[in-house]
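Heads up: the structure comes next, in structure tokens.
The values are calculated or read from the model by the stated rules, or taken from the named source; none is laboratory data. Because the structure is a prediction, the values reported are computed rather than measured. FYI the Cβ positions are ideal-geometry reconstructions off the backbone, even for glycines, and counts take in every protein chain you see. Please note that ligands, DNA and RNA were not included when accessible areas were found on the heavy atoms of the full protein model with its side chains. Shrake-Rupley method; radii C 1.70, N 1.55, O 1.52, S 1.80 Å.
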Amino acid sequence: MKRFLQLHLLTSYPPANLNRDDTGRPKTALVGEALRLRISSQSLKRAWRTSELFKTFFDYPETLIGTRTKRIGLEWIYSRLLEKGVSDEEAKAWSRDIQRTYGEPEDENEEEPNQALLNSQLAH
């Protein structure tokens, strides 16, 4: 017979708004009959990943830790294709096609010529 252990812990934090939803309000959860502030695992992981202790413990260069960006099409794909001699129009078309793996490209905008090379979805 397999055993499964699941722990649910209530942890006290000093007064702070550690985790917000998309409207800027604190995230909450109903625990028993009490409404409590909630801290998502995503929020905790980001705090660990960006802490000085994490950086010194793992001694990784900044480039290996990772970043979240919408600029994959512009900075990683399009610019490298241009460096390799691909024409501007082909590089833009290929960049839009490749970045669809991560989400839909932004709509074209006359004020920002490379807007279509940005992605609507954050990627890590």
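Structure summary
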| quantity | calculated |
| --- | --- |
| Glu111, Glu75, Glu106, ranked by accessible area, largest first (probe 1.4 Å) | Glu111, Glu75, Glu106 |
| Positive-end residue, the chain charge dipole about Cα centroid, Cβ charges, pick of Leu118, Gln99, Thr69 | Thr69 |
| With DNA, RNA and ligands ignored, accessible area of Ile98 (1.4 Å probe; Å², nearest 10) | 80 |
| Assigned charges on the beta-carbon of Lys, Arg, Asp, Glu; the chain dipole about Cα centre (debye) | 1240 |
| Positive minus negative residues near Tyr13 (Lys, Arg vs Asp, Glu; Cβ under 15 Å) | +4 |
| Folded to 0 to 90 degrees: helix 88-99 orientation relative to the chain principal axis, Cα | 30 |
| Binned Cα-Cα distances of the chain, short to long, each 5 Å bin given as a whole percent | 2, 9, 12, 13, 12, 12, 13, 10, 8, 5, 3, 1, 0 |
